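Reading through the structure tokens given below for one structure.
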Amino acid sequence: MRRLAVLGSTGSIGTSTLDVVQAHPERLSVVALAAGRNRDLLRAQCEIFRPRCVSVASKEDADWLRTNLSYTLDLHWGEEGLLACALHPGADTVVAAIVGSVGLASTEAALRAGRRVCVANKESLVVGGALMHEAARAGGGELLPVDSEHAALHQLLENRDPASIREVRITASGGPFRDWPLARIQAATIQEALNHPTWKMGPKITIDSATLMNKGLEVIEASVLFGLSADQVAVTVHPQSQVHAMVGFHDGSYQLQVCANDMKLPIQYCLLYPDKQPGPVAAYPWAEARTWTFEAPDLHRFPCLGLAFEALRAGGTAPALLNAANEVAVAAFLEGRLSFWDIQACNRDTLSAISATPLTSLPQVLDADRAARRHAEVWVQARP
Ligand SMILES: NC(=O)c1ccc[n+]([C@@H]2O[C@H](COP(=O)([O-])OP(=O)(O)OC[C@H]3O[C@@H](n4cnc5c(N)ncnc54)[C@H](OP(=O)(O)O)[C@@H]3O)[C@@H](O)[C@H]2O)c1
């Protein structure tokens with residue numbers, strides 16, 4: 001039986017994780033849940049899964065839960081609450097499904113404490129880089145990627161001689177603006193950017209999918225997870241989102257991973273690894289006729305992808321700087337304070353204004369994150 005702490009239980013990945021738990025009552029149980037502000041959904045989840053430890057963003061919501069739950073449990077709030085859930089002694093597996101670099105400390109702490117950490121929170125890998133592997137090595141933790149492309153690569157690369165691999169390719173749906181001309185993309189509205197064609201996800205990653213920043217973060221994530229250089233990670237646009245990743249070998253051949261575009265599959269892969277069991281997602285429907293297409297990404301219309309490659313090549317704290325700027329810019333866009341096209345401009349400006357330094361420690365990378373946030377916020381405020 002795996003005993004889970006689910007961080008971000010009220011989000012898109014968090015709720016899918018709990019669906020997977022319900023499909024495997026004999027293999028999976030819930031010990032801790034952490035969320036932000038959605039206390040009504042969290043209360044409903046508590047009544048179903050009966051976790052022993054729960055955390056929310058504010059003390060006020062923790063007090064509200066205390067008086068509105070039908071049983072008593074350990075209640076926490078804020079960053080300490082996240083850590084209390086991630087490090088709960090009754091949990092052996094942590095699902096890191098918070099959005100943004102706020103998830104970094106809990107991911108790192110869980111790896112250092114020897115947990116299996118199923119990481120959906122790609123920002124923590126982008127920001128923490130090699131420090132995440134160091135934490136896992138120091139504490140005996142196990143890092144498994146929930147992102148569908150990286151779960152696919154994990155399966156494709158397992159037991160492969162690294163010397164036989166020329167490159168890996170992750171696929172991108174291309175987002176809602178894949179075939180839009182530049183002028184139309186530049187003036188895209190919030191509603192248009194939130195209208196993702198193939199995946200239903202939280203708002204931040206949906207905007208990142210529209211700018212292709214999400215794919216850029218995933219390129220960095222693949223490099224961090226599998227120890228690959230920027231030249232060994234490539235992106236192919238595949239609007240149907242059925243092929244998730246490919247591995248290219250030196251002999252010129254490729255292997256592809258195919259499954260439905262349902263996050264419950266990679267979540268279950270990580271939770272039950274190395275076992276493969278029937279679960280909530282049906283087998284791939286090969287009897288249905290379908291057409292798959294593949295194309296190269298256009299860095300002119302989607303410059304955020306190019307910025308991610310630049311940050312990966314620069315190394316050190318550069319990915320953290322880019323990620324922090326992007327979190328500020330996306331939040332400002334969603335609040336109506338920035339245009340869609342300004343997101344890439346804010347990211348570019350922050351990346352060039354602050355010098356990256358070699359990655360040495362968590363406090364150092366958190367300092368870089370804060371510096372980039374300050375710079376990006378000033379940039380946003382200076383916008384007409
Ligand atoms: N959605 C996908 O299909 C998908 C696929 C691959 C990777 N990912 C990655 O998975 C992560 C989560 O994405 P998502 O789409 O599930 O996002 P989401 O739907 O926006 O959910 C985010 C979760 O994080 C919680 N949260 C936010 N700030 C918090 C804080 N300060 N303290 C505690 N909890 C906090 C939210 O709580 P409240 O809602 O209660 O405020 C919610 O439970 C992201 O890093 C994303 O890139 C997502």
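Read-outs: derived from the displayed coordinates by stated rules, not from any lab. Quick caveat: nothing in here was measured; it's all calculated off a predicted structure. Note that we place each Cβ from the backbone using ideal geometry, even for glycine, and neighbour counts take in every protein chain shown.
Take the Cα of residue 48, step 7 Å toward its Cβ, do the same at residue 353, and the gap between the two points is 4.4 nm. Under a Gaussian network description of the chain, with springs only between Cα atoms under 10 Å, the residue in 355, 164, 339 that fluctuates furthest is 164.
Please return the longest stretch of the chain lacking exposed loop sites, where chymotrypsin sites (Phe, Trp or Tyr not before Pro) count only if DSSP places them in a loop and at most 13 other Cβ atoms lie within 10 Å.
The answer is 72-285.
Note on the chain: GNM, Cα springs under 10 Å; of 297, 363, 51, the largest mean-square fluctuation is that of 363.
Near residue 262: Cβ cut-off under 11 Å, other residues only, Lys/Arg at +1 and Asp/Glu at -1. The net charge is +1. Here residue 40 and residue 295 are evaluated by their C-beta separation; at R0 = 30 Å the FRET efficiency comes out at 0.10.
Evaluated with a Cβ-only charge set (Lys, Arg +1; Asp, Glu -1), segment 2-146 carries a dipole of roughly 260 debye about its Cα centre, given to the nearest 20. Segment residue 378..residue 339, full-extension length gain: 12.5 nm, with 0.36 nm per residue of separation and the alpha-carbon distance subtracted. Only Cα pairs under 8 Å and 6+ residues apart enter the sum, and on that basis the relative contact order of segment 2-146 stands at 22 percent.
Report the relative contact order of segment 194-295, percent, no decimals, based on alpha-carbon pairs under 8 angstrom and at least 6 residues apart.
That works out to 22 percent.
About its Cα centre, what dipole magnitude does the chain give when the only charges are +1 on Lys and Arg Cβ and -1 on Asp and Glu Cβ, stated in debye to the nearest 20? With Lys and Arg at +1 and Asp and Glu at -1, about 360 debye.
Over 22 Å apart at the Cα level, from the set 122/200; 215/276; 59/204; 59/200; 204/264, are 215/276; 59/204; 59/200.
Placing R0 at 51 angstrom, the Cβ-Cβ distance between residue 71 and residue 282 gives a FRET efficiency of 0.90 after rounding to 0.05.
Sorted ascending by nearby beta carbons within 10 Å, beginning with the fewest, 134, 47, 123, 288 become 288, 47, 134, 123. Annotation: segment 315-384 has a Kirkwood hydrodynamic radius of 11.8 angstrom, from the mean reciprocal C-alpha pair distance.
FRET efficiency for the residue 161 to residue 256 pair, using the beta carbon distance and R₀ = 22 Å, is estimated at 0.70. Once the chain from residue 79 to residue 63 is taken as fully extended at 0.36 nm per residue, the excess over their C-alpha distance is 4.1 nm. What would the Debye equation give as log₁₀ I(q)/I(0) for segment 1-149 at q = 0.12, 0.20 Å⁻¹, counting only Cα atoms as equal point scatterers? Once normalised to I(0) and log-transformed, intensities are -0.42, -1.18.
Just for the chain, what percent of DSSP beta bridges are antiparallel, to the closest 5?
25 percent
Size check on segment 3-72: the Cα extents along the three principal axes, sorted descending, read 34, 24, 15 Å. Normalising the average separation of contacting C-alpha pairs (under 8 angstrom, six or more residues apart) by the number of residues puts the relative contact order of the chain at 15 percent.
Per-residue ellipticity at 222 nm computed for the chain from its helices equals -14000 deg cm²/dmol, with DSSP H segments shorter than 4 residues left out and the rest contributing -39,500 (n - 2.57).
Residues within the reach of a label modelled at residue 138 (point 7 angstrom out along Cα to beta-carbon, backbone nitrogen below 17 Å), restricted to segment 330-366, are 359-366.
Could you tell me whether the chain comes out rounded, prolate or oblate from its Cα gyration tensor? Rule is a ≥ b ≥ c as square roots of the eigenvalues, rounded for a/c under 1.5, then prolate if a/b exceeds b/c, otherwise oblate. Walk me through the numbers on the way to the answer.
Numbers: a/c = 1.42, a/b = 1.16, b/c = 1.22.
Rounded, since a/c falls under 1.5.
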